[in-house]
Amino acid sequence: MLKVGITGQNGFIGTHLYNTLGLFPNEFERLPFDDCFFENEKDLDNFVHQCDVIIHLAAMNRHDDQEVIYETNVSLVQKLINSLKRTESKPHILMSSSSQEERDNLYGKSKKQGRENIAKWAEAVGAKFTGLVIPNVFGPFGHPYYNSVIATFSHQLANGESPQIQVDGELELIYVGELVKVLLDLIIKKVHDTKYIIPHTKIAKVSELLTLLKGYKEQYQDRGEIPSLNSNFELNLFNTFRCYMDINNYFPVKSPRYTDARGSFVEVVRLGIGGQVSFSTTLPNVTRGNHFHTRKIERFTVIKGKALIQLRRIGSNEVINFQLDGNEPAYVDMPIWYTHNIKNTGDDVLYTNFWINEPYNENDSDTYFENV
């Protein structure tokens, strides 16, 4: 079992990497890291000494003073190298650099300088080092106005703002989940490459991204429709958009009931996409679920009985509760990386309709069990 530590563990990429490592408890042991370790040699040395693998992600991306960005990023690398020397440790180091390395800005120069400094240390002591040159990364939980234009646009649209395009350039993109898969592969294969260029998986103009995101806002957030998703990129972009919605105040969404002499009709899901629809009955006080998905889109619709639906984002202690009643049919969608369940809180049998965007595949279920 490899002991893995991540500097910048609580950042955008770090959070996704840390949570994904947790899906493989028999292969990886995660060693917690706190940013304050960089200010305490004893804590940093203790962390470094335990690690078989260190992924150095900690860095400053934005600041009004470019010199501060440069000095901060180079300093963080030097502190890590100093700790490696003090403890005489030789873990496999992977460091995130950027496709901005060759641009005329101090952020790119700081990443290149840091990568070259660790490469010199690794060569001197005979350690493995992977210097990662990474394209623009997008995905759920990125910080708007900081991590990516996709995060900014999604946040603005989800909150009723009108995004503005400053420069309609082409972006070379990679989804954070795709990046994490590459990192895990490099760790397992112990790849030594001082300048490992991670290829982008999509090229898109800023205007193209905004058009897609506006469509998701209008179809999904405004009308409750699951949009047509024609590629993995569009699925990933849609799941990214969803995470910026205020789910506490958006769900549950009530479905109109149409009643006549024959009975009643309630629309459950309007699709621009395929998937699997299922129906379940749940006995009183019984709970279903307690699992999460990393890519699937899922909708729970209560059509008869009373239910408590609970969600909790992985890595958080905050539980979101929704009370649903079949007398007012309503649905709740499950965001990715949120463990969720549904409990029958009534005295009668609970009737629930489930929709998910892909049929169940036991060899690739994308279903991970964790109690809410």
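Here, each number is a calculation from the coordinates, and none is a lab measurement. Everything numeric here is computed off the predicted structure, so don't read it as measured data. Here Cβ is always computed from backbone atoms with ideal geometry, including for glycine, and neighbour counts include all displayed protein chains.
Cβ-Cβ distance of residue 10 and residue 225, R₀ of 30 Å, FRET efficiency by 1/(1 + (r/R0)^6): the value works out to about 0.30. Counting other Cβ atoms within 10 Å as a rough exposure proxy, the listed residues 130, 259, 367 run 259, 367, 130 from fewest neighbours to most.
Here the residues 39, 172, ranked from fewest to most Cβ neighbours within 10 Å of their Cβ, fall in the order 39, 172. Tell me whether segment 219-372 comes out rounded, prolate or oblate; compute the Cα gyration tensor, take square roots of the eigenvalues as a ≥ b ≥ c, and use a/c under 1.5 as the rounded threshold. Note, shape of segment 219-372 comes out oblate.
Relative contact order for segment 247-369: what is it in percent, counting Cα pairs under 8 Å that are at least 6 residues apart?
On the way: 282 pairs, mean separation 47.0, N = 123.
After rounding, I find 38 percent.
In plain terms, the residue of 241, 354 with the fewest other Cβ atoms within 10 Å comes first and the most crowded comes last, giving 354, 241.
Quick one: which of 64-71, 106-113 comes out on top by average Cβ neighbours within 10 Å, and what's the full order, highest first?
On the way: 64-71: 13.5, 106-113: 20.9.
Highest mean packing first, the order is 106-113, 64-71.
Each Cα pair under 8 Å and six or more residues apart adds its separation to the average, and for the chain the resulting relative contact order is 12 percent.
Pull out the extension gain between residue 276 and residue 188, defined as 0.36 nm times the separation in residues minus the alpha carbon to alpha carbon distance; nm, one decimal.
On the way: separation 88, 0.36 × 88 = 31.68 nm, distance 3.46 nm.
Going from the current span to full extension adds 28.2 nm.
Put a dot 7 Å past the Cα of residue 24, heading toward its Cβ, do the same for residue 327, and the two dots end up 5.1 nm apart.
Sort the following peptides by mean Cβ neighbour count (other Cβ atoms within 10 Å, averaged over residues), highest first: 78-91, 19-32. Present the calculation step by step, with values, prior to reporting the outcome.
Numbers: 78-91: 17.1, 19-32: 15.1.
Going from most to least packed, we get 78-91, 19-32.
Classification of segment 13-106 by its C-alpha gyration tensor yields an oblate form. The axis ratio a/c (a ≥ b ≥ c) is 1.5 or more, and b/c is at least a/b. Here P(r) over Cα pairs in 20 Å bins from 0, in percent was calculated from the structure, and among (1) 32, 58, 10, 0; (2) 28, 59, 13, 0; (3) 26, 51, 21, 2, 0 it sits at label (3).
Using only helices, what value at 222 nm comes out for the chain when you add -39,500 (n - 2.57) per DSSP H run of length 4 or more and divide by the total residues, to the nearest 500 deg cm²/dmol?
Working: 9 runs with 112 residues, N = 372.
For the chain, the value works out to -9500 deg cm²/dmol.
With a simple spin-label model that places each label point 7 Å from the Cα along the Cα-to-Cβ direction, the separation between residue 347 and residue 318 comes to 3.7 nm.
Segment 99-160 and segment 23-94 have their alpha-carbon centroids 15 Å apart. Evaluated with a Cβ-only charge set (Lys, Arg +1; Asp, Glu -1), segment 2-134 carries a dipole of roughly 360 debye about its Cα centre, given to the nearest 20.
When each of the peptides 312-318, 301-307, 215-221 is scored by how many other beta carbons lie within 10 Å of its residues on average, the order from highest to lowest is 301-307, 215-221, 312-318.
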